[in-house]
């Protein structure tokens, strides 16, 4: 998770602009929780390292204790926690919604829009219920290459393609 955050938010000692990262936690305790990082509003987090980023997520989750369903709190500049699950996070982002799948369309053949959303899971396969929900929303399946990669590696490849297309 910390590698994903670092690769999504930072590059060469800079914060990437126009990037929002949602981390959805459905496990214990008190699920669901979503931690959101907004790069355009982030201030100094204390570093780019895994420990610092994991600490920011932990701080957000701790701040989110006792939230009511749908409630959100600002933790720091550009850092928020909400008591909402995956479905609520993606339901308003259906116009340019993509899901990473092994058999998806190669990202090098896709022309992305300015406001694009990518969905992927960690090392565990996405639950079938979630995959069906994404299909109902019209999520387009894409892939970053012929091999299964870590989520953090996929983020780097997606950013590279967006940069090449002049997006962000």
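Read-outs: derived from the displayed coordinates by stated rules, not from any lab. Since this is a predicted model, take the numbers as computed values, not measurements. Because the Cβ atoms are built from the backbone with ideal geometry, glycine has one as well, and the counts that use them run over all protein chains shown.
Once you reduce the range 60-126 and the range 8-50 to the center of their Cα atoms, the two points are 11 Å from each other.
Between residue 129 and residue 96, full extension at 0.36 nm per residue minus the direct alpha carbon distance yields a gain of 9.8 nm. Determine which residues of the range 55-75 fall in the zone a paramagnetic label at residue 29 would reach in this model, i.e. backbone nitrogen under 11 Å from the point 7 Å along Cα→Cβ. Only 65-66 fall inside the zone, counting backbone N under 11 Å. Taking a ≥ b ≥ c as the square roots of the eigenvalues of the alpha-carbon gyration tensor, the range 1-132 is classed oblate because a/c is 1.5 or more while a/b is no larger than b/c. The alpha carbon radius of gyration of the range 91-168, expressed as a multiple of 2.2 N^0.38 Å, is 1.05.
So what is the calculated 222 nm ellipticity per residue for the chain, using -39500 (n - 2.57) for each DSSP H run with n of 4 or more, over all residues, to the nearest 500 deg cm²/dmol? Result for the chain, helices only: -8500 deg cm²/dmol. Which FRET efficiency, nearest 0.05, do residue 52 and residue 148 yield, Cβ-Cβ r, R0 25 Å? FRET efficiency, residue 52 to residue 148: 0.35.
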